[in-house]
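Below: one structure, written as structure tokens.
The values are calculated or read from the model by the stated rules, or taken from the named source; none is laboratory data. Since the structure is predicted, the reported quantities are computational estimates derived from the model, not experimental observations. Cβ atoms come from the backbone with ideal geometry, glycine included; neighbour counts cover every protein chain shown. Accessible surface is based on the protein model in full, side chains and every heavy atom, while ligands, DNA and RNA are left aside. Shrake-Rupley method; radii C 1.70, N 1.55, O 1.52, S 1.80 Å.
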Amino acid sequence: MATGFFAAPILVVALLGATPAFAADVLPLTAAQKKNLGIATVAAATQSASPALTYTARVTLPPASVRVIAAAGAGLVTQLHVQPGDSVKRGAPLLTLSMPELADAQNTLTQARLRAQLAADNAARDEKLFSEGLIAESRLRAARAEAQSARAAQAAAQTALSLLGAGKVSGSTLTLTAPIAGVVTESAAEPGQRVDAGVALAKLADLSKLALEIPLSTAQARQVAIGQTVSVVDSSAGGRIVALLPQLNAAQSVLARASLTDPQKLLRPGQSVQAAIAGTQAAQSLSVPAAALVWQNAQPHVFIETAQGFKPTPVRLLRQNASQAEVGGLAAGSRVAVKGVAALKAQWLGE
């Protein structure tokens with residue numbers, strides 16, 4: 001029993017040897033030792049172009065695609081014409097409010113229009129009388145000033161009415177309409193509810209214009225640039241990287257934002273997807289599993305299988321995600337260790 005229990009440790013000690021193995025160019029291993037340590041290898045895949053690496057991402061709505069519907073005056077909700085999930089065209093009715101201020105604002109505007117018209121008629125009459133020499137110039141200047149003041153009062157009354165809310169006005173009721181074509185994402189009002197000025201009553205979103213938020217590690221973010229192509233796995237949707245946020249989020253990630261076009265309209269805001277970011281390397285590169293990489297003094301290495309054993313080889317890391325790494329500095333067809341890497345590293349460093 002004792003012999004079987006200590007067999008594996010004795011094997012590891014024999015592999016490590018008395019001299020630190022990192023001094024050697026090759027770590028010699030027999031086929032039996034390779035099997036006992038669970039070492040497996042794969043061939044580094046040649047890429048004619050930089051491969052697209054996938055990352056977990058979230059579908060979002062860019063701010064430019066969202067409209068908030070609100071009235072600038074207090075009122076009573078009398079009717080809802082839509083509910084969340086409804087698709088609407090631009091100009092379609094959303095909800096109707098009873099607003100006593102509307103009647104006052106309309107009355108003020110009507111009176112301002114009448115005064116402006118009267119002042120304009122008086123100014124036109126005095127222009128004619130002055131040209132005939134029948135009145136003094138001071139009277140003409142007074143008529144002109146009165147007409148200008150009346151026009152300003154009319155513009156102010158029109159602005160005050162429009163500020164109460166864009167839509168269709170009928171008496172003291174206002175029907176708020178959709179400013180864009182889209183989908184109602186939120187409705188915060190109910191019939192019979194009293195609302196104050198500026199309260200958001202509904203949200204409308206244009207789902208044809210979506211975006212992606214892709215959290216990256218700081219190392220991954222250094223491998224991504226604005227303008228790189230992004231595609232959604234198992235979908236026809238795609239776009240481009242448009243921004244890399246300069247600060248880290250609460251999860252210590254760098255957030256990359258991408259535009260997104262979804263021709264099939266299958267994606268929804270908040271949905272988790274796999275986003276593939278295309279590389280920018282024009283020259284040939286090699287793709288290896290991320291598990292093949294080991295680090296020594298901040299330099300990435302891989303263990304290449306040779307006839308004599310495994311050779312620790314420094315590589316140039318171009319890009320990496322959780323499962324794949326794109327590297328340079330390897331010969332095409334090289335077989336690298338992807339399992340048992342920890343045991344090889346221990347032998348290499350003499351640990």
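Largest accessible area first, the residues 295, 348 order themselves as 295, 348 under a 1.4 Å probe with ligands, DNA and RNA left out.
Charge dipole (Cα centre; +1 on Lys/Arg Cβ, -1 on Asp/Glu Cβ; no other charges) of the range 205-323 amounts to roughly 180 debye.
Under a model in which nothing but the beta-carbon of Lys, Arg (+1) and Asp, Glu (-1) is charged, the range 196-268 shows a dipole of about 140 debye around its Cα centre. Taking the accessible area of the chain, probe 1.4 Å, and keeping the other protein chains in place, the carbon and sulfur fraction comes to 55%. Once the Cβ-Cβ distance between residue 349 and residue 213 is put in as r, and R0 is 41 Å, what FRET efficiency do you end up with, to the nearest 0.05? The formula returns an efficiency of 0.55 here. Considering only 109, 293, 210, the Gaussian network model of the chain with Cα springs below 10 Å gives its largest mean-square fluctuation to 109. When the chain is described by a simple charge dipole with +1 on each Lys and Arg Cβ and -1 on each Asp and Glu Cβ, the residue from 32, 174, 272 located farthest towards its positive end is 32.
Amide hydrogen proximity for residue 310: with H placed 1.01 Å from N in the peptide plane, the residues at 5 or more positions away or on another chain lying under 5 Å are 27, 29.
Under the simplified labelling scheme, the residue 67-residue 158 pair shows an inter-label distance of 2.1 nm, with each label point 7 Å from Cα along Cα→Cβ. Normalising the average separation of contacting C-alpha pairs (under 8 angstrom, six or more residues apart) by the number of residues puts the relative contact order of the chain at 29 percent. Other residues with beta-carbon under 10 Å from the beta-carbon of residue 161 carry, at +1 per Lys or Arg and -1 per Asp or Glu, a net charge of -2.
Listed values (1) 6, 26, 34, 23, 9, 2, 0; (2) 5, 16, 15, 14, 12, 10, 9, 7, 5, 3, 2, 1, 0, 0; (3) 5, 22, 31, 24, 13, 5, 1, 0 include one computed from this model; for P(r) over Cα pairs in 10 Å bins from 0, in percent that value carries the label (2). Magnitude of the charge dipole for the chain, about its Cα centre and with charges confined to Cβ atoms of Lys, Arg (+1) and Asp, Glu (-1), is about 540 debye.
Local charge for residue 202 was computed over the other residues whose Cβ lies under 12 Å away, with Lys and Arg +1 and Asp and Glu -1, and equals -1.
With only Cα atoms counted, the range 156-303 has Rg and Dmax values of 23.7, 82 Å.
Using the rule -39500 (n - 2.57) for each DSSP H run of four or more residues, divided by the residues of the chain, the 222 nm mean residue ellipticity is -8000 deg cm²/dmol. Dipole orientation for the range 56-125: of the candidates 106, 85, 96, 85 has the Cα lying most toward the positive pole (charges on Cβ; Lys, Arg +1; Asp, Glu -1). Can you tell me which of 133, 198, 85 moves the most in a GNM of the chain? Springs connect C-alpha atoms under 10 Å apart. Among 133, 198, 85, the largest GNM mean-square fluctuation belongs to 133.
Here the range 58-86 and the range 228-279 have alpha carbon centers that stand 26 Å from each other. Along the charge dipole of the chain, Cβ charges K/R +1 and D/E -1, which of 340, 122, 253 sits furthest on the positive end? In the chain, that residue is 340.
In percent, rounded to a whole number, the relative contact order of the range 218-301 is 26, using alpha-carbon pairs under 8 Å and six or more apart.
Taken per residue, the accessible surface of the chain reaches 55 Å², heavy atoms only and a 1.4 Å probe.
Counting pairs of alpha carbon atoms under 8 Å apart in space and at least six apart in sequence, what relative contact order in percent does the range 152-258 give? It comes to 19 percent, rounded to a whole number. Quick one: Cα centre-to-centre distance for the range 280-341 and the range 136-209, in angstrom? Between the Cα centres of the range 280-341 and the range 136-209 lies a distance of 64 Å.
Modelled this way, with points 7 Å down the Cα-to-C-beta line, the labels at residue 274 and residue 144 are 7.6 nm from one another. In order along the range 122-131, phi translates into HN-Hα couplings of 5, 5, 5, 5, 5, 4, 5, 5, 5, 5 Hz, rounded to whole numbers, per the Karplus curve 6.51 cos²θ - 1.76 cosθ + 1.60 with θ = phi - 60° and x for Gly and Pro.
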